[in-house]
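See below for the structure under consideration.
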Amino acid sequence: MTQWNLAARAEKMNPSVIREILKVTEKPGIISLAGGLPSPRTFPISEFAEAAAAILNTDGASALQYAASEGHVPLRNAIAEFLPWDVNPDQVLITTGSQQALDLIGKVLIDAGSRILVETPTYLGALQAFSPMEPNVVSVASDEEGPLVEDFAAKAGTGADKARFMYLLPNFQNPTGRTMTEARRAALVAKAMELGIPLVEDNPYGDLWFDQPPPLPLTARNPQGGIYMGSFSKVLAPGLRLGYVVAPRNIYPKLLQAKQAADLHTPSFNQRLVAEVIKNGFLDRHVPKIRALYKEQCAAMVAALEREMKGLDVKWSHPQGGMFLWLRLPDGIDTALLLPKAVDRDVAFVPGAAFYADAADVRTMRLSFVTASVEQIDTAIAALAATIREELTAKA
């Protein structure tokens, strides 16, 4: 009999909680507030159709051929130009989604047992990407303004156990929706520079602000001390799987080598497609439409929560952009156990425990407001409130 011996790192690989929940939402009639899926209403399909035809008609052979691992030069140039600090295109690496960027960063910067720091809570996909490298993931206490600088310093480690980096999502964070304040950004960057700890900044949602843009990125304040990740998934279409990394020159070559080993290069056609669509200022015209839609849907969810959750001692965030709301339920409720009961009422969410590196708060949950209509949001929040009331009554 053939015997398969799995690598030790394979034991560290776990299924995505969110992806497993999405399977549940395929049940007819379910209103899903679970997945972080951009609204299909925002996909510029006609522009993609025109761009695809133009590319195939003018340079189809190159678009369908192998290409440079660094990425399509016009796209790298465009990214460097729209970032709000001085970036050389040679520092831009195109990745197959920003999820691949997390994987590459983990491979290049993490050894088994390496200390890395994350927010509390943090993005589940980052924990999943870093986990096979077997790091020691340490949570930094956080409040509504972002990570606490004092706790960052206290958990930075020293000597061989000094943190390799801290991973952060400063803008409309997944899962909480919070945005790091200007004062907290300045203080955190200053402390990171003092301690010599790199910051890995993930910014897939930064363009999705409702009324005013977020403060300057962390990396813009200390480019040599940070790696910056961005994505076209939230402003164009996630199916293209197109993200990017901006890295210091001393780190870039190793990320490039990891990229070459992983998949040679991000699909050439997809890169050219995005470069063609975004030329001539398309994003400046398109992204405001996404902001307006998401602002309306976020307001609808907050209004529904205020209406339906009265008397339930449920707390929720008030994001100023992005795609998510974060709820904390009363003591004694485990949202993982609550989920199947909510599904029975045709509504789904993501239990919050999966977003914690340690000491999970099982009372929490993440809701996405971007794919459901206003009417569906009203129905779903009413059903969720009824589920919570039923649970509280059963525990009384």
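The values are calculated or read from the model by the stated rules, or taken from the named source; none is laboratory data. This structure is a prediction, so every number in the text was calculated from the model and none was measured. No Cβ is skipped: glycine too gets one built from the backbone with ideal geometry, and neighbour counts run over all protein chains shown. Just the protein is used for accessible areas: all its heavy atoms, side chains included, with ligands, DNA and RNA removed. Shrake-Rupley method; radii C 1.70, N 1.55, O 1.52, S 1.80 Å.
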Check: How many Å² of accessible area per residue for segment 40-126, probe 1.4 Å?
Finding: 45
Next item on the list: Express in whole angstrom the spacing between the alpha-carbon centres of segment 108-156 and segment 192-260.
Entry: 16
Margin query: So for each of 127-133, 240-246, 211-217 I average, over its residues, the number of other beta carbons within 10 Å; can you give me the resulting order with the highest mean first?
Written below: 240-246, 127-133, 211-217
Note to self: For a quick check: with amide H placed at 1.01 Å from N, whose amide H comes under 5 Å from Val350's, ignoring anything fewer than 5 positions away on the same chain?
What the structure shows: Arg366
Note to self: If I take R0 = 51 Å and measure r between the Cβ atoms of Thr393 and Ala186 in this structure, what FRET efficiency does the formula 1/(1 + (r/R0)^6) give, to the nearest 0.05?
What the structure shows: 0.60
Next item on the list: Work out which helices of the chain, taken as complete DSSP H runs, extend at least 18 Å along their axis over the Cα atoms and score a mean Kyte-Doolittle of 0.0 or more, then list them.
Entry: 45-63, 97-109, 182-195, 374-395
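For segment 1-143, what's the relative contact order in percent, using C-alpha pairs closer than 8 Å and at least 6 residues apart?
23
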Item checked: Subset of Lys23/Lys295; Lys27/Lys341; Lys23/Lys341 violating a 18 Å alpha-carbon distance limit -> Lys23/Lys295
Notebook entry, point to check: In square angstrom, rounded to the nearest 10, how much accessible surface does Lys254 have for a 1.4 Å probe?
Noted result: 110
Notebook entry, point to check: Relative contact order for the chain using alpha-carbon pairs under 8 Å, separation at least 6, rounded to a whole percent?
Noted result: 23
Notebook entry, point to check: Taking the Cα-to-Cβ direction at Arg9 and at Thr58 and moving 7 Å from each Cα, how far apart do the two end points lie in nm?
Noted result: 4.1
Next item on the list: Roll a 1.4 Å probe over the protein heavy atoms and report the accessible area of Ser142 in Å², nearest 10.
Entry: 30
Note to self: Quick check: residue separation of Phe210 and Glu296 times 0.36 nm, minus the Cα distance between them. What number comes out in nm?
What the structure shows: 30.0 nm
Margin query: Let me cross-check Arg345: its accessible surface, 1.4 Å probe, with only protein heavy atoms counted, in Å² to the nearest 10?
Written below: 90
Notebook entry, point to check: aspartates and glutamates near Lys279 by alpha-carbon distance under 19 Å, same-chain residues fewer than 8 away left out - which ones?
Noted result: Glu47, Glu50, Asp59, Glu81, Asp207
Note to self: Below 14 angstrom from the Cβ of Glu390, what's the summed charge of the other residues (Lys, Arg +1; Asp, Glu -1)?
What the structure shows: +1
Check: For labels at Gln65 and Gln257 in the simple 7 Å Cα→Cβ model, what's the distance in nm?
Finding: 2.8
Note to self: Quick check: Cα centre of segment 328-396 to Cα centre of segment 54-96, how many Å?
What the structure shows: 41
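Whenever you get a sec, compute what percent of the accessible area on the chain sits on carbon and sulfur atoms (1.4 Å probe).
Here it works out to 53 percent.
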Check: Which lysines does Lys259 reach when only Cα atoms under 21 Å apart count, and residues fewer than 8 places away in its own chain are ignored?
Finding: Lys107
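Would you mind calculating the relative contact order of segment 267-347 from Cα pairs under 8 angstrom and at least 6 residues apart, reporting the percent as a whole number?
Values: 26 pairs, mean separation 15.8, N = 81.
Value for segment 267-347: 20 percent.
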Notebook entry, point to check: So how do His318, His72 rank on accessible area, 1.4 Å probe, biggest first, that is with the largest at the start?
Noted result: His318, His72
Next item on the list: May I ask for the net charge around Val314, where only other residues with Cβ less than 11 Å from the Cβ of Val314 are counted and Lys, Arg are +1 while Asp, Glu are -1?
Entry: +2
